[in-house]
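A quick write-up on the structure given underneath.
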Amino acid sequence: MVMQTEVRTTTRKPRRKFSILDTIRFIILTIGAIAMLFPLLWMVTIALKGNNDVFKIPPEWFPRELHWSNFVTGTREINFWQTFGNSMFIAVVCTIGQIASSVLVGYGLARLSFPGRKLWFSLFVGSLMLPGFVGMIPLFNLYTSLGWYDSWLPIIVPAFFGNATFSFLYVQYLKTISVSFDEAAKIDGASDFYILMKVLVPMTTPVIMTMVIFSFQGAWNQYLEPLIYIIDPSKWTLSLAMASYKGTYATAWNLFMAADLIYILPMLLIFFFGQKFFMQGLGSVNSASLK
């Protein structure tokens, strides 16, 4: 017992002292965090105010009376929950399609040997330099000729044909994983699809979660494609419904902010629960790109 206590006392690490540089760094990060959180806090403040108190001068940072009914009234002003369900369905399906297709493409470019692999990878990376509106008119003509106008198909179907950014991220992350895992699985008779699903996918969870966060955010917030292709208000996404949130002569900003807080809630939740994998995924991709 005496020897064990001696070992424990000798292996105990001394506490790290904060230097002046650490204090300055903490102050700068605190100021930056306040600057980024201020818009969200101001949204919450306005959402809990009465309509007459929104533009009061000087402004009230903490409302005296909390109007929780704004969250109920704000969702009634527009067809909120139906469009919320539409956006949730589109975002989930697009996320599944983009992740599945991008993982398959990334695995093929990183692990399989076939003629022109470097050329295809260069084309994928080069497509990232093209602005999104370049193919807007040709795609519109294609989708209308297929009879997809005023439907969700022009938004959902392209998600199942891969995403150049996500495929590039997956290729870069696979560079951090040794090929010996693939070779060991092939010796046991595993196929390429089995190696991908049972060996590599569990090992690449951080980058996949990073792709999930980016994909869901992009599908949830997309505004241009629904504006172009969807006419029927019952098929609107929540972004279109929020854009139409205005009165004849004025906008009830307290009701708008209350509905807007519910609008951003799914993105906050998915980032909150996936931020650990998000930081691991980006860190590994950055380290792989520097090699």
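The values are calculated or read from the model by the stated rules, or taken from the named source; none is laboratory data. Since the structure is predicted, the reported quantities are computational estimates derived from the model, not experimental observations. Note: ideal-geometry Cβ built from the backbone for every residue, glycine included; neighbour counts use all protein chains shown. Quick note on the areas: whole protein, heavy atoms, side chains included, nothing else; ligands and nucleic acids left out. Shrake-Rupley method; radii C 1.70, N 1.55, O 1.52, S 1.80 Å.
Scan the chain and hand back the longest stretch that contains none of the chymotrypsin sites (Phe, Trp or Tyr not before Pro) lying in DSSP loops with at most 14 other Cβ atoms within 10 Å. Let's see the in-between values first.
Values: sites that count: Phe18, Phe55, Trp61, Trp68, Tyr223, Tyr249.
Here the longest run is 69-222.
Could you rank Ser239, Ser145 by how accessible they are, 1.4 Å probe, largest area first?
If we order Ser239, Ser145 from most to least accessible, we get Ser145, Ser239.
Given q = 0.17, 0.18, 0.29 Å⁻¹, what are the Debye log10 I(q)/I(0) values for the stretch 20-72, with equal point scatterers placed on the Cα positions and solvent ignored?
-0.62, -0.66, -1.08
Could you list, bin by bin from short to long, the percent of Cα-Cα pairs of the chain in 5 Å steps?
Histogram of Cα-Cα distances, whole percents per bin: 1, 5, 8, 10, 12, 11, 11, 11, 9, 8, 5, 3, 2, 1, 1, 0, 0.
Report the gain in length on full extension from Ala243 to Leu37: 0.36 nm times residue separation, minus Cα-Cα distance, nm rounded to one decimal.
Separation in residues times 0.36 nm, less the Cα-Cα distance, equals 71.8 nm.
Taking GluC sites (Glu not before Pro) that fall in a DSSP loop and have at most 14 other Cβ atoms within 10 Å as cut points, what is the longest piece of the chain between them? Write out the running numbers ahead of the final one.
Details: sites that count: Glu60, Glu65.
No qualifying site falls inside 66-291, the longest such stretch.
If you count only protein heavy atoms with a 1.4 Å probe, what accessible area per residue comes out for the stretch 87-240, rounded to a whole Å²? Walk me through the numbers before you get to the answer.
Numbers: 8060 Å² over 154 residues.
Accessible surface, normalised per residue, equals 52 Å².
Would you mind computing, in nm to one decimal, how far apart the modelled labels at Lys276 and Leu224 are, each placed 7 Å from Cα along Cα→Cβ?
3.7 nm
Between Leu119 and Glu60, with labels modelled 7 Å along Cα→Cβ, what's the label distance in nm to one decimal, could you check?
For Leu119 paired with Glu60, the spin-label model returns 6.9 nm.
Mind checking the stretch 34-79 for trypsin sites (Lys or Arg not before Pro) that DSSP puts in a loop (not H, G, I, E or B) and that have at most 13 other Cβ atoms within 10 Å?
Lys56, Arg64
When a/c reaches 1.5 or more, the comparison of a/b and b/c decides; with that in mind, is the stretch 80-248 rounded, prolate or oblate per its Cα gyration tensor? Walk me through the intermediate numbers first.
Details: a/c = 2.70, a/b = 1.99, b/c = 1.36.
Here the stretch 80-248 falls in the prolate category.
In whole angstrom, note down how far apart the Cα centers of the stretch 190-221 and the stretch 124-178 are.
Answer, in whole Å: 17.
Over 24 Å between C-alpha atoms is what I'm after, so list which of Lys198/Lys276; Lys118/Lys198; Lys49/Lys235 land there. Please list the in-between numbers first.
On the way: Lys198/Lys276 22 Å; Lys118/Lys198 26 Å; Lys49/Lys235 32 Å.
In this structure, Lys118/Lys198; Lys49/Lys235 lie more than 24 Å apart at Cα.
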